[in-house]
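Everything below concerns the one structure shown next.
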Amino acid sequence: MKRIAWIFPALASFAACAMPPASSDEQAIRRVEATLCDAIRTGDADTIARLEDETYTLTTSRGEVTTRADDIADARKGDVRYSEFRNHDSKVRLYGDAAIVTGITSLKGESAGKSFALDVAFTDTYVRRPDGWKIAASHASRLGKQ
């Protein structure tokens, strides 16, 4: 039994080593993602303008391509009201001054008097700019029968 007693602490140490702590870049990107989701949910056009790169494009779940200017205008109009705009199950991969984030966005809200709720898989591409990480491109695909 003595032999087995050392295995559990050793396994715990190995598990801690196998999962390195998130880098400061990863933490910064996750903060930008969360702040951007909140800005879209609340219609905060100024924050959207600050966090989306000037070259930003989104390929929507309907196959349409929109731009940063479209996102800013939509936020100002307020035609879509979100009760939820939340990213989860995200993975961040860093490539120097670029990063890719994949995950799921859960959306709930109202548009044109109709309620909606759906989940989309997303891929976001970030670039490092002098003033911080900016989202440069995004792609969303509907999940399931929604």
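The values are calculated or read from the model by the stated rules, or taken from the named source; none is laboratory data. Worth saying up front: this structure is predicted, and the values here are computed from it rather than measured. Cβ atoms come from the backbone with ideal geometry, glycine included; neighbour counts cover every protein chain shown. For the accessible areas, the whole protein counts, side chains as well, though only heavy atoms, and no ligand, DNA or RNA atoms are used. Shrake-Rupley method; radii C 1.70, N 1.55, O 1.52, S 1.80 Å.
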Inset, instruction - Mind checking the per residue accessible area of segment 49-146 for me, 1.4 Å probe, whole number of Å²? - result: 60
Inset, instruction - Quickly work out the Asp70-to-Ser111 label distance, labels modelled 7 Å from Cα along the C-beta direction, and quote it in nm with one decimal. - result: 1.1
